1. Based on the Cβ-Cβ distance from D58 to T37, what FRET efficiency comes out when R0 is 22 Å, to the nearest 0.05?
2. Of the accessible area of the chain, with the probe set at 1.4 angstrom, what percent is carbon plus sulfur?
3. Positive end of the charge dipole of the chain (Lys, Arg +1 and Asp, Glu -1 on Cβ, about the Cα centre): tell me which of A45, A22, I33 has its Cα farthest that way.
4. Quick check for me: using +1 on Lys/Arg Cβ and -1 on Asp/Glu Cβ, what's the dipole size of region 1-52 about its Cα centre, in debye to the nearest 20?
5. Can you give me the solvent accessible area of T59 with a 1.4 Å probe, rounded to the nearest 10 Å²?
6. Quick check on the chain: helices-only [θ] at 222 nm, where DSSP H runs of length 4 and up contribute -39,500 (n - 2.57) each and the sum goes over total residues. Nearest 500, please.
7. Taking a ≥ b ≥ c as the square roots of the Cα gyration tensor eigenvalues, with a/c under 1.5 meaning rounded and otherwise prolate when a/b beats b/c, else oblate, which class fits region 5-50?
8. When Kirkwood radius over Cα pairs in Å is calculated directly from the model, which label among [x] 14.0; [y] 13.2; [z] 14.5 fits?
Amino acid sequence: MNEAESLFGDDHVRRYQETGGAVGQIWREGSTILLLTTTGRKSGAIRHTPVNTMADGDTLWLIAQHGRHAGWVLNFEAD
């Protein structure tokens, strides 16, 4: 297991930012992570969320956890 595979949540965001994505962009089983920055739809707080991505030609898909509306999805839609 590499360092990135053990990272979750705030720890993942911190290491991703500290290393400019060198640690954290490639995660488990080679999945690619994007660090998404949104504004809280209720709080107005800036939020950084590691999000799985998948490329399909020129389209980059953002993958919500378990196929449901994660908080970042609602913040993204509101912004």
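The values are calculated or read from the model by the stated rules, or taken from the named source; none is laboratory data. All of these numbers come straight from a predicted model, not from anything done at the bench. Neighbour counts run over all protein chains shown; Cβ positions are idealised from the backbone, glycine included. Note: accessible area is taken over every heavy atom of the protein model, side chains too, but ligands, DNA and RNA are not part of it. Shrake-Rupley method; radii C 1.70, N 1.55, O 1.52, S 1.80 Å.
1. Given R0 = 22 Å and the Cβ-Cβ separation, E is 0.50.
2. Accessible surface attributable to carbon and sulfur in the chain totals 50 percent.
3. Of the candidates, A45 comes out farthest on the positive side.
4. 360 debye
5. Roll a 1.4 Å probe over it and T59 shows about 70 Å².
6. -6500 deg cm²/dmol
7. Verdict is prolate for region 5-50.
8. Here Kirkwood radius over Cα pairs in Å agrees with entry [y].
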